[in-house]
Ligand SMILES: NC(=O)c1ccc[n+]([C@@H]2O[C@H](COP(=O)([O-])OP(=O)(O)OC[C@H]3O[C@@H](n4cnc5c(N)ncnc54)[C@H](OP(=O)(O)O)[C@@H]3O)[C@@H](O)[C@H]2O)c1
């Protein structure tokens, strides 16, 4: 990418992860375009003089086309909320309309698997189907939608990275998380990351080409499993 300021679009900027990503991007001097639902624009009030906000649904192709125009990178929060294919529509709009060669970084959870080689802890093996069933029953979320979104990203020839977050907690930054290709790898055993650092990893991925076409599962660099791994290494 050239010497000019990087221009980054954040799709889902008003959520908790989105706001952390806005902050990290501004700290790095990036130009920021944020997309969020119209009813959530006020959540971005503190940034309104420093970023351009494009209000609208993130699965609306016209909204995304306008927002990603001229952007070197797009950070997209994939969420399973709603039962009308919101995640899939959002991912597809970004894949279709981002600038050729742009870095596309998507967020999701450990439950998404790129190659089926993840070995999940019992808690996640039980929780995902139970949450999925209850969510579908009460029509507030659809995990299958996030899975379909991920399948489309994995099949795309764009320069994507799918960042898979562990369980999250709030708190001050502990530094850039460490990552591994498969859930079940010992380095990830602690299954905990600060949300601010999940955002840090998403923003870091914009400029780390070694992460192109990877689906890193992340964990805090200060977690017991990461420290134990560093010691043995
Ligand atoms: N929460 C966890 O423990 C966890 C763990 C691992 C990975 N992750 C991943 O982290 C990312 C962020 O998740 P988060 O839990 O931290 O949430 P978050 O950052 O607060 O983001 C929630 C997003 O969902 C949007 N949203 C909420 N209700 C919606 C609806 N009915 N229809 C459409 N959009 C809706 C929000 O938009 P508005 O601002 O407009 O409401 C916001 O952009 C996701 O990709 C998630 O898969 C989360």
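Considering 116, 3, 29, the condition of being modelled with pLDDT of 95 or more, more than 16 Å from the ligand (Cβ to nearest atom), farther than 24 Å from residue 167 by Cα and assigned to a loop (DSSP other than H, G, I, E, B) is satisfied by 29 alone. With respect to the conditions (1) at pLDDT below 95; (2) over 30 Å from residue 220 (Cβ atoms); (3) touching a helix residue (DSSP H, G or I) at 6+ places or on another chain (Cβ under 6 Å), residue 139 lacks only one, and its number is (3). Residue selection: residue 36 satisfies the criterion of being at pLDDT 95 or above, within 8 Å of the ligand (Cβ to nearest atom) and within 18 Å of the chain's Cα centre (by Cα). The residue of the range 129-167 that is surrounded by the fewest Cβ atoms within 10 Å (Cβ to Cβ), among those that are in a loop (DSSP other than H, G, I, E, B), touching a residue at least 24 places away in the same chain (Cβ under 8 Å) and more than 10 Å from the ligand (Cβ to nearest atom), is 139. Taking the criterion of being out of contact with any helix residue (DSSP H, G or I) (no Cβ under 9 Å at 6 or more places or on another chain) and assigned to a helix (DSSP H, G or I), the residues of the range 206-231 that qualify are 209, 210, 224, 227, 231.
Residues that are farther than 25 Å from residue 57 by Cα and surrounded by fewer than 16 Cβ atoms within 10 Å (Cβ to Cβ) occur at least once in the range 99-115. Residue-level check: of (1) more than 25 Å from residue 20 (Cβ to Cβ); (2) in a loop (DSSP other than H, G, I, E, B); (3) within 16 Å of the ligand (Cβ to nearest atom), residue 173 misses just (1). Taken over the range 39-57, the criterion of being farther than 19 Å from residue 89 by Cα, in a loop (DSSP other than H, G, I, E, B) and touching a residue at least 12 places away in the same chain (Cβ under 8 Å) is satisfied by 50, 51.
Out of all the residues in the range 78-91, is one or more buried (at least 21 other Cβ atoms within 10 Å of the Cβ), touching a residue at least 40 places away in the same chain (Cβ under 8 Å) and within 23 Å of residue 210 (Cβ to Cβ)? Yes: the range 78-91 contains one or more residues that are buried (at least 21 other Cβ atoms within 10 Å of the Cβ), touching a residue at least 40 places away in the same chain (Cβ under 8 Å) and within 23 Å of residue 210 (Cβ to Cβ).
Looking at the range 10-24, can you tell me whether even one residue there is part of a strand (DSSP E or B), within 11 Å of the ligand (Cβ to nearest atom), in contact with a helix residue (DSSP H, G or I) (Cβ under 8 Å, 6 or more places away or on another chain) and farther than 19 Å from residue 205 by Cα? No.
Restricted to the range 176-205, and to residues there that are in a helix (DSSP H, G or I) and away from the ligand (no atom under 15 Å from the Cβ), the residue that is nearest to the chain's Cα centre (by Cα) is 204.
The values are calculated or read from the model by the stated rules, or taken from the named source; none is laboratory data. Computed from a predicted structure; not experimentally measured. Note that we place each Cβ from the backbone using ideal geometry, even for glycine, and neighbour counts take in every protein chain shown.
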